[in-house]
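Single-structure report; data block below.
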Amino acid sequence: MQYNHLAIEKKWQKFWAENQTFKASNESDKPKYYVLDMFPYPSGAGLHVGHPLGYIASDIYARYKRHKGFNVLHPQGYDSFGLPAEQYAIQTGQHPAKTTEANIATYRKQLDNIGFSFDWTREVRTSNPAYYKWTQSIFIELFNSWYHKDTDKAEDISILISIFKKEGNRLVNAVSEEGVELFSSEEWKAFPKKKQEEILLQYRLTYLSDTHVNWCPVLGTVLANDEIINGLSERGGHPVVQKKMTQWSMRISAYAQRLLDGLEKIDWPQPLKDSQTNWIGRSQGAMVSFEVNEVSSKESTEVKLSYKELETLKELRLNLSKAEGLLWDELKHKKGAAKFRKKYTVGSFLVDYVCLAKNTIVEFSGKEDETERTTFFAKEGFNIVRFSNEEVIENVLQVVSKINNTLQFSSAIKSDKKPEKKPTKKHQIDVFTTRPDTIFGVSFMTLAPEHELVSKIVTPAQKKEVNAYVRTTAKRSERDRMADVKTISGVFTGAYAIHPFTGEKVQIWIGDYVLANYGTGAVMAVPCGDQRDYDFAKHFDIPIPNIFKGVDISEAAHVDKAGTIIANSDFLSGLTYQKALKLSIFELEKRAIGYGKINYRLRDAVFSRQRYWGEPFPVYYKDGMPQMIDAAHLPIVLPTVEKYLPTEDGKPPLGNAPEWAWDSRGKKVVSNEKLKNKTVYPLELNTMPGWAGSSWYFNRYMDASNSEEFASKESLDYWKEVDLYIGGSEHATGHLLYARFWQKFLFDKGMVPVDEFAKKLINQGMILGTSAFVYKATPFIKSDCFTAHASEEILNKIPAVIVSKNLFNSEEDFEVLVKNYLIDNGFLNQDTSDRIMIVKSDVHADVSSVNASDELDVEAFKNWRTEFKTAEFILEEGIYKVGREVEKMSKSKYNVVNPDAICSAHGADALRLFEMFLGPLEQAKPWKTSGISGVSTFLKKLWKLYFNGDVLAISEDEPTKEELKILHKTIKKVEEDIENFSFNTSVSTFMIAVNELTLLKCNKRLILEPLAILVSPYAPHIAEELWSLLGKTTSISTVDFPAFEANHLVESTKNYPISFNGKMRFTLELSLDLSKEEIEKTVLEDEKTIAQLDGRIPKKVIVVPGKIVNIVG
RNA sequence: GCUGAAGUGGUGGAAUUGGUAGACACGCUGGACUUAAAAUCCAGUGAGCAGUAAUGCUCGUAUGGGUUCAAGUCCCAUCUUCAGUACCA
């Protein structure tokens, strides 16, 4: 029987589908293993051979794990919302759902052809309402959450509201917008509902805010930075402006530190972790406030908590001493009237614990100002209880009972304090700096042109210039501004800031090298220590004070920190960088000018897209404030629209939907006409971005058809996380960061059991194409030689000439060769030949018309494109050889190879083996179809082992020692390789085994049966077929992996390499039982050794038993 | 600029804790089978030198140093390529 890959592969693919061979169960005694590929987007172009590389690797691993007795979850699905389908819809009017459906069908067919062991019963599609229902519900969950820094996790918004009710927001340790207004509990309660909503938005994990975006009015959409070229849209070349837009954002910044910390416990590639670390961009420094010098508003006399004090409070609350911690553990559980707070300010004093309802203060004794405290607290009507550290540590319960006693006999204080009006604030510029040690080097400040203070502080004299500059900047995209480092531009505002330490006046400039979105959008410029500030100062003739000891700054800024001594800096002078840094922060805090701060580069992620083909938000607007639709009414299904373009008045495409209003009473989406009704509200017009659906899909696979929850608790607890995740490195800072963020959030809310979704991740390398080139001659007339008419006539006579690769070494060779050819063949005469020029151009040829030996099928090439129909070919020995070059696989380079073609010509098993054989999984490597004959031959040889001619011939005899050795050597290597994801080497191992067994003419069942199992993860179709030919009636996919037995590999002798001065000269077969001394003796006595030494006496003999002998001398 | 990865025959790539460099495959050359081609099978194939030959010698893992009995592998410096990232204060 011949090996017929077409019939065999079809047969088994059908078998697997019909028997649901790879359906994973959520209940099993076996240990679980979850293997996942990164979510594919089903593009219209289908797969090329580069795409399935990772899928093949993960499939091999999944199949191997099944053989190893694991319950394997290996699902697949589609990230099916996205731009290409929408773009196609705009062009053709075809609904994206339809296009997507068709693309998925193509994808599925291609995937099935390769024989993957996916559990298709769990397929998910992000564009399916049954799926995005849960994406919407997670969004609602995010909206209803805030980040509590005390517990370091997300909590329900109701907790925050109750805190506001009780104590306002002065002390709450939450992640929020910068500069949230402070209020007391009374103020909170008095706020109108709308105002409360506005405040809460500043804390919610997803929130509406005004964001700077690249807006293209013509396209009616926001563009990403890389979609803009020179201030114009990449598509269409329309103008793009910076615009503020109200959009949904995700407060991923709340998770910056945890996203950083989490990297330590996951087994992901270092480069990937590095780029996430880089992206999060933690930097440690200080916030410093500069006041703007103004002749205005009177000073407030009110004593307010400074930034520094607030920060200290928060800090203190986290860093309790041991005794404090002990006591707090007891006190914190008290509820109601006996509820305690820690580190609370009473008047101007910071107290350890206070129970406000019972006006009782609990403090540790031994404070410096104890007398003043006692007097003040007594005056305010507080009871005071004091304990020593020792008392608490020795018997905390006794202390608690004493406290309880006090509480019983106390009463609440009557508060008649009214919240005071806030004074009109002076303008203040906050900056973040990583170098507070250089603060005495500040000679000016720069604001981003978009900075909100610009318009407020600009002097009338400078107004015109400043406005013009702001307008110019608005036209440039952020990327433009960043790319253009050379042009220094900026304008003086006319205003001055006060240096917080020296009190000197400092010019305030605006400049587009400062980015509005980073830090505070303002910098304190230290020209002597920062190159950009230096360049700016030089350009505008601003003084550059030198604050570094013994450093020359006449040419460039001094950026090095190490070894630098600060000078001319008041109290910082003479200190090293490290010491100055600490002292400067200390002083900033002491004088309430600033405070130490950790800043992250990571920005909150914009979550709104002005697109049609994405998840609709479950949001409607009442009085302009967003309202969540109750989860019970989800999904909010994407409405039908006539056009997929923005509306005429610039609203997103959903603005075209006639039925897109929320009936809050009927709890359903209704026609826009009903918007007149009081209880009907407009729905959100934006849709969610591509990463919404892909940020949690791995959890859905665990329980993909659940309609009650996004996955049941049981299934989540069973599968927990992805054990092996394979995909490209291009997702490093997109999908993989957002997905980690959502997972941590879901974990905080108790919705998933682990806070990292993928234990191990592997980046597969790209498969590159091997392009083929032909060399075409293009003739030009040298200038002014002929009239235009004559020139055209000459050129018209010359056909396209295409020259084989090895006929020339240089451009000159090429020109001479082509000219001679043209003259010889009468296309050109000798005279005119001097007046024309021949230029070589490299033209891509379709790789399918080139064979393994780089020979072009000339006829196929001629028919490929009409311009080559009449081309003349200069051949070498009757053959046209193409040039080769490795490039990215792409349609435009005609080097794309379709896996379907490989499957029908060589088979899926051959494709799988070859993709693995190409090289290490993680590395980029070029594809060359010719190489596939190697694995094809291997499969045929493997097949032949089981046959004698056309007849199946299996011997039941006991295998020989040698045969067993081959088998077990193979088992060992293959097992090691798969565990190490070194799939390329195990293909070689199979080849070696089959070559050796063929040589021995081995057809023993006891060898061939395990061999079939070994290859089955790699080449599952042929393995199944051989397995059934061996008389088995069930699938090979779950039989036990052959057990490795070391005793078959034990050798009695070793062929020792004998080296002289490290160079191997010959080998010597010696028993492994010999001792070092015996080996040395035998080797030295050998005649070949004596010949090598040629009378010299060895100085030293190194013997490593079982390895090598080295003779020195 | 910064960060990371990698440089081994004509090509893709092997090489365990430092221990026989180039496994396995492609390609190429020669041969067998065939009218011929394809397919299949066999042999050779890092470079150079010597020899009719068996064989022997020299050089060889980007470059230059170093450690070691022994270096593709470890250390230092340099060069090149690829990937990511960038007025990040």
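The values are calculated or read from the model by the stated rules, or taken from the named source; none is laboratory data. Since we're looking at a predicted model, the values are computed, not measured. When we count neighbours, we look across all protein chains shown, and the Cβ atoms used for this are built from the backbone with ideal geometry, even at glycine.
Look through the range A:74-108, keep the residues that are in a loop (DSSP other than H, G, I, E, B), of a type outside the set (Asp, Glu) and closer than 22 Å to A:Pro689 by Cβ, and return whichever of them is modelled with the lowest pLDDT.
Narrowing the range A:74-108 to residues in a loop (DSSP other than H, G, I, E, B): A:74-77, A:79-82, A:93-95.
Among the residues that remain, those that are also of a type outside the set (Asp, Glu) are: A:74-77, A:80-82, A:93-95.
Those left that are additionally closer than 22 Å to A:Pro689 by Cβ: A:77, A:80-82, A:95.
Details: A:Gly77: 95, A:Ser80: 93, A:Phe81: 92, A:Gly82: 85, A:His95: 93.
Checking each candidate, the answer is A:Gly82.
For the range A:520-544, what are the residues that are in a loop (DSSP other than H, G, I, E, B), within 11 Å of RNA strand B (Cβ to nearest atom) and of a type in the set (Val, Ile, Thr)? Full working, then the answer.
Here is the first cut: in the range A:520-544, the ones in a loop (DSSP other than H, G, I, E, B) are A:520-521, A:526-530, A:541-544.
Cutting the leftovers down to within 11 Å of RNA strand B (Cβ to nearest atom) gives us A:520-521, A:526, A:529-530.
If the condition is that a residue be in a loop (DSSP other than H, G, I, E, B), within 11 Å of RNA strand B (Cβ to nearest atom) and of a type in the set (Val, Ile, Thr), then A:Thr520, A:Val526 are the ones that fit.
Among (1) within 16 Å of RNA strand B (Cβ to nearest atom); (2) under 38 Å from the mean Cα position of the chain (by Cα), which single condition is A:Ile1013 missing?
All conditions pass for A:Ile1013, except number (1).
Just checking, does the range A:918-925 include any residue being in contact with a Leu (Cβ under 9 Å, 6 or more places away or on another chain), in the same structural domain as A:Leu1014 (by TED's automatic domain parsing) and assigned to a helix (DSSP H, G or I)? Steps first, answer last, please.
Looking only at the range A:918-925, we keep the residues that are in contact with a Leu (Cβ under 9 Å, 6 or more places away or on another chain), and these are A:918, A:921, A:924-925.
Okay, now just the ones that are also in the same structural domain as A:Leu1014 (by TED's automatic domain parsing), so A:918, A:921, A:924-925.
Still in the list and also assigned to a helix (DSSP H, G or I): none.
Scanning the range A:918-925, I find no residue that is in contact with a Leu (Cβ under 9 Å, 6 or more places away or on another chain), in the same structural domain as A:Leu1014 (by TED's automatic domain parsing) and assigned to a helix (DSSP H, G or I), so the answer is no.
List pairs: first in the range A:975-997 and of a type in the set (Val, Ile, Thr), second assigned to a helix (DSSP H, G or I) and within 7 Å of RNA strand B (Cβ to nearest atom), Cβ under 6 Å, 6+ apart or cross-chain?
Close Cβ pairs satisfying both conditions: A:Val987/A:Phe917; A:Val994/A:Lys941.
Take the conditions under 22 Å from A:Val431 (Cα atoms), more than 11 Å from RNA strand B (Cβ to nearest atom) and polar (S, T, N, Q) and apply them to A:Asn517. Does it pass? Quick ask: steps written out before the conclusion?
Working: under 22 Å from A:Val431 (Cα atoms): yes; more than 11 Å from RNA strand B (Cβ to nearest atom): no; polar (S, T, N, Q): yes.
No: the conditions fail for A:Asn517.
Tell me, which helices (runs of 4 or more DSSP H) lie completely within the range A:1016-1113 with 2 or more residues that are within 14 Å of RNA strand B (Cβ to nearest atom) and either closer than 29 Å to A:Ala953 by Cβ or not basic (Lys, Arg) (or both)?
Working: elements: A:1020-1029, A:1076-1085, A:1087-1093.
Per the criteria, A:1076-1085, A:1087-1093.
Could you pull out the residue among A:Ile429, A:Ile508 that is modelled with pLDDT of 85 or more and farther than 28 Å from A:Lys549 by Cα? Give the derivation first.
Working: A:Ile508 fails: farther than 28 Å from A:Lys549 by Cα.
Answer to the selection: A:Ile429.
Looking at (1) assigned to a helix (DSSP H, G or I); (2) closer than 21 Å to A:Val222 by Cα; (3) of a type in the set (Ser, Thr, Tyr), which is the one condition that is false for A:Ser584?
Answer for A:Ser584: the failing condition is (2).
Considering only residues that are among the acidic types (Asp, Glu) and within 13 Å of RNA strand B (Cβ to nearest atom), look in the range A:849-864 and name the one that is modelled with the lowest pLDDT.
Of everything passing the filter in the range A:849-864, A:Asp854 is modelled with the lowest pLDDT.
Which pairs have Cβ atoms under 7 Å, sit 6 or more apart or on different chains, and link a residue in the range A:947-960 that is assigned by TED's automatic domain parsing to the domain that holds A:Gly1031 and closer than 12 Å to A:Cys1002 by Cβ to one that is hydrophobic (A, V, I, L, M, F, W, C) and part of a loop (DSSP other than H, G, I, E, B)?
A:Ile954/A:Leu1030
Sort through A:Phe786, A:Phe773, A:Phe827, A:Phe814 and tell me the only one that's at pLDDT below 80 and aromatic (Phe, Trp, Tyr). Break it down stepwise before answering.
Values: A:Phe773 fails: at pLDDT below 80; A:Phe827 fails: at pLDDT below 80; A:Phe814 fails: at pLDDT below 80.
A:Phe786 is the lone residue from the list that is at pLDDT below 80 and aromatic (Phe, Trp, Tyr).
Looking at A:Leu6, A:Leu73, A:Leu36, which is the one that is on the phi < 0 side of the Ramachandran plot and within 22 Å of the chain's Cα centre (by Cα)?
On the way: A:Leu6 fails: within 22 Å of the chain's Cα centre (by Cα); A:Leu73 fails: within 22 Å of the chain's Cα centre (by Cα).
After ruling out the rest, the residue left standing is A:Leu36.
How many residues are buried (at least 19 other Cβ atoms within 10 Å of the Cβ) and closer than 28 Å to A:Ser608 by Cβ when one looks only at the range A:705-724?
Within the range A:705-724, the first condition is being buried (at least 19 other Cβ atoms within 10 Å of the Cβ), and the residues that meet it are A:710-711, A:715-716, A:718-719, A:721-724.
Add one more test, that the residue is closer than 28 Å to A:Ser608 by Cβ, and what stays is A:710-711.
Result for the range A:705-724: 2.
In contact with a helix residue (DSSP H, G or I) (Cβ under 8 Å, 6 or more places away or on another chain) and either at pLDDT 85 or above or farther than 19 Å from A:Tyr64 by Cβ (or both): which single residue out of A:Asn1061, A:Asn995, A:Asn1047 fits that description? I'd like the intermediate steps shown before the answer.
Details: A:Asn1061 fails: in contact with a helix residue (DSSP H, G or I) (Cβ under 8 Å, 6 or more places away or on another chain); A:Asn1047 fails: in contact with a helix residue (DSSP H, G or I) (Cβ under 8 Å, 6 or more places away or on another chain).
Step by step, each of A:Asn1061, A:Asn995, A:Asn1047 is checked, and only A:Asn995 is in contact with a helix residue (DSSP H, G or I) (Cβ under 8 Å, 6 or more places away or on another chain) and either at pLDDT 85 or above or farther than 19 Å from A:Tyr64 by Cβ (or both).
Report every pair of residues separated by at least 6 positions or lying on different chains whose Cβ atoms are under 7 Å apart, first residue within the range A:255-270 and under 23 Å from A:Trp146 (Cα atoms), second more than 16 Å from RNA strand B (Cβ to nearest atom) and not acidic (Asp, Glu).
Close Cβ pairs (under 7 Å, with a partner that is more than 16 Å from RNA strand B (Cβ to nearest atom) and not acidic (Asp, Glu)) amount to A:Tyr255/A:Phe741; A:Tyr255/A:Lys744; A:Arg258/A:Lys744; A:Leu259/A:Arg740; A:Leu259/A:Phe741; A:Gly262/A:Arg740.
Take the range A:990-1008 and flag every residue that is buried (at least 19 other Cβ atoms within 10 Å of the Cβ), in a helix (DSSP H, G or I) and not small (Gly, Ala, Ser).
A:Phe990, A:Val994, A:Leu997, A:Ile1007, A:Leu1008, listed by residue number.
Quick check on the range A:228-252: of everything there that is within 16 Å of RNA strand B (Cβ to nearest atom) and at pLDDT below 90, which residue is surrounded by the fewest Cβ atoms within 10 Å (Cβ to Cβ)? Break it down into steps so the answer makes sense when it comes.
Within the range A:228-252, the subset within 16 Å of RNA strand B (Cβ to nearest atom) is A:228-231, A:242, A:252.
Keeping just the survivors that are at pLDDT below 90 gives A:228-231, A:242.
Details: A:Ile228: 19, A:Ile229: 14, A:Asn230: 11, A:Gly231: 15, A:Gln242: 18.
Top of the filtered list is A:Asn230.
Looking only at the range A:865-917, how many residues end up being in a strand (DSSP E or B) and more than 16 Å from RNA strand B (Cβ to nearest atom)? Write out each step before concluding.
First, pick out the residues of the range A:865-917 that are in a strand (DSSP E or B): A:872-874, A:876, A:879, A:881, A:883-887.
Applying the additional criterion that residues be more than 16 Å from RNA strand B (Cβ to nearest atom) yields A:872-874.
Looking only at that region, the number is 3.
Given (1) within 35 Å of the chain's Cα centre (by Cα); (2) more than 27 Å from A:Tyr620 (Cβ to Cβ); (3) assigned to a helix (DSSP H, G or I), where does A:Glu186 come up short, assuming only one miss?
Answer for A:Glu186: the failing condition is (1).
Considering the range A:12-50 alone, what residues qualify as being surrounded by 22 or more Cβ atoms within 10 Å (Cβ to Cβ) and either among the hydroxyl-bearing types (Ser, Thr, Tyr) or free of Cβ contacts under 8 Å to residues at least 12 places away in the same chain (or both)?
Answer for the range A:12-50, where residues must be surrounded by 22 or more Cβ atoms within 10 Å (Cβ to Cβ) and either among the hydroxyl-bearing types (Ser, Thr, Tyr) or free of Cβ contacts under 8 Å to residues at least 12 places away in the same chain (or both): A:Tyr33, A:Tyr34.
For the range A:594-619, give me the residue count where each residue is under 30 Å from A:Tyr88 (Cβ atoms) and either out of contact with any helix residue (DSSP H, G or I) (no Cβ under 6 Å at 6 or more places or on another chain) or more than 16 Å from RNA strand B (Cβ to nearest atom) (or both).
Just the residues of the range A:594-619 that are under 30 Å from A:Tyr88 (Cβ atoms), to begin with: A:605-619.
Going one step further and asking which of them are either out of contact with any helix residue (DSSP H, G or I) (no Cβ under 6 Å at 6 or more places or on another chain) or more than 16 Å from RNA strand B (Cβ to nearest atom) (or both), we end up with A:606-619.
Residues in the range A:594-619 being under 30 Å from A:Tyr88 (Cβ atoms) and either out of contact with any helix residue (DSSP H, G or I) (no Cβ under 6 Å at 6 or more places or on another chain) or more than 16 Å from RNA strand B (Cβ to nearest atom) (or both): 14 in total.
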